[in-house]
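Visitor: The following block contains the structure, expressed as structure tokens.
What follows draws every value from the coordinates through simple rules; no lab data is involved. Because the structure is predicted, anything quoted here is derived from the model rather than measured. A quick note on method: Cβ atoms are made from the backbone with ideal geometry, for glycine too, and the neighbour counts reach across all protein chains shown.
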Amino acid sequence: MNKRVTVDLADDEARAIEAAVVDGRFASEAEAVRAAVAAWAANEADEVELREADIQRLRRMVEEGLASGPSLDADAVLSRLRERIAIRTSGR
């Protein structure tokens, strides 16, 4: 079943649809609009799928990090490295 929907388009959008019909890419303006909506819907579905894949990837990364053992305090590690470098360079 089809549902009639009325939309207002910008002049350039309307011209693009009209040109697509004149060029023979679509049989009617309605067909061109349906194709545009179908392309938009497919793109939206792809976007959702990509976001879900990113979320799953990030969850796996967090789980791997937690499973890798206790974390180190970055400031403490850098401080110890600076001390070691200072000791080695002061003896020159």
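Visitor: Under 1.5 on a/c is rounded, so check that first for the stretch 1-43, then, if it is not, pick prolate when a/b is larger than b/c and oblate when it is not; a ≥ b ≥ c are the square roots of the alpha carbon gyration tensor eigenvalues. Mind showing how you got there, number by number?
Guide: Numbers: a/c = 1.44, a/b = 1.30, b/c = 1.11.
Rounded, since a/c falls under 1.5.
Visitor: For the chain, build the charge dipole from Cβ charges (+1 Lys, Arg; -1 Asp, Glu) around the Cα centre, then report which of V48, A20, G69 sits farthest towards its positive end.
Guide: It is G69, whose Cα lies furthest towards the positive end.
Visitor: Under a Cβ-only charge scheme (Lys and Arg +1, Asp and Glu -1), can you give me the dipole magnitude of the chain about the Cα centre, in debye to the nearest 20? Please list the in-between numbers first.
Guide: On the way: 14 positive and 19 negative charges, 203 e Å.
Dipole of the chain, to the nearest 20 debye: 980 debye.
Visitor: Given the rule -39500 (n - 2.57) for each run of at least 4 DSSP H residues, summed and divided by the residues of the chain, what is its mean residue ellipticity at 222 nm, to the nearest 500 deg cm²/dmol? Display every interim value, and only then the final one.
Guide: Working: 3 runs with 68 residues, N = 92.
Computed ellipticity for the chain at 222 nm equals -26000 deg cm²/dmol.
Visitor: May I ask you to work out the translational diffusion coefficient for the chain at 37 °C, viscosity 0.692 mPa s, via Stokes-Einstein with Rh from the Kirkwood sum over Cα pairs, reported in whole µm²/s?
Guide: 168 µm²/s
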